[in-house]
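Peer 1: A single structure is presented below for examination.
The values are calculated or read from the model by the stated rules, or taken from the named source; none is laboratory data. Not measured: the values here are computed from a predicted model. Cβ placement follows ideal geometry from the backbone for every residue including glycine, while neighbour counts extend to all protein chains displayed. In case anyone asks, the SASA skips ligands and DNA or RNA and just uses the protein heavy atoms, side chains included. Shrake-Rupley method; radii C 1.70, N 1.55, O 1.52, S 1.80 Å.
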Amino acid sequence: DALDDEFQSIRRKRKDKRWKLEAFQDKLASLTFLDPACGSGNFLTETFISLRRLENKVLDELLKLDAACTVKVTIDQFFGIEIDGF
């Protein structure tokens with residue numbers, strides 16, 4: 001929710017909007033997640049999907065500003081440990 005609130009705040013700005021969106025996207029791409037008891041990985045899967053959806057919103061806003069953009073959030077940001085994984 002905090003990340004979505006931050007995005008909404010940036011989205012409403014007019015000054016330096018492109019720079020702020022790009023910085024926010026970099027922030028999303030710098031986050032890492034660890035689930036120390038991941039089981040089937042549902043938490044990690046849902047977190048990845050949520051983060052990518054948020055990044056897609058950022059990319060949509062950047063495209064409206066005619067900015068070149070690429071996907072930066074990757075599955076490599078997510079880690080899980082499970083002794084009895086399946």
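Peer 1: Anything in region 61-86 that is among the charged types (D, E, K, R), within 19 Å of Asp16 (Cα to Cα) and open to solvent by 20 Å² or more (accessible area, probe 1.4 Å)? List them, or say none.
Peer 2: Taking region 61-86 as the starting set, the residues that turn out to be among the charged types (D, E, K, R) are 61, 64, 66, 72, 76, 82, 84.
Those still in the list that are within 19 Å of Asp16 (Cα to Cα) too: 61, 64, 66.
Selection gives Lys64, Asp66.
Peer 1: Across region 1-27, what is the number of residues that are over 15 Å from the mean Cα position of the chain (by Cα) and polar (S, T, N, Q)?
Peer 2: 1
Peer 1: Right, here's the next one. Among residues belonging to region 61-86 that are in a strand (DSSP E or B) and over 14 Å from the mean Cα position of the chain (by Cα), point out the one that is nearest to Arg12 (Cα to Cα). Give the steps one after another, and end with the answer.
Peer 2: As a first pass, look at region 61-86 and keep what is in a strand (DSSP E or B): 78-80.
Now narrow it down to the ones that are over 14 Å from the mean Cα position of the chain (by Cα): 79-80.
Values: Phe79: 33, Gly80: 36 Å.
So, considering only residues that are in a strand (DSSP E or B) and over 14 Å from the mean Cα position of the chain (by Cα), the one nearest to Arg12 (Cα to Cα) is Phe79.
Peer 1: Inside region 28-60, can you point out the residues that are hydrophobic (A, V, I, L, M, F, W, C), surrounded by 15 or more Cβ atoms within 10 Å (Cβ to Cβ) and over 12 Å from the mean Cα position of the chain (by Cα)?
Peer 2: Cys38, Phe43, Leu44
Peer 1: Considering only residues that are over 16 Å from Val71 (Cα atoms) and either open to solvent by 50 Å² or more (accessible area, probe 1.4 Å) or not small (Gly, Ala, Ser) (or both), which ones fall in region 8-18?
Peer 2: Looking only at region 8-18, we keep the residues that are over 16 Å from Val71 (Cα atoms), and these are 8-17.
Answer for region 8-18, where residues must be over 16 Å from Val71 (Cα atoms) and either open to solvent by 50 Å² or more (accessible area, probe 1.4 Å) or not small (Gly, Ala, Ser) (or both): Gln8, Ile10, Arg11, Arg12, Lys13, Arg14, Lys15, Asp16, Lys17.
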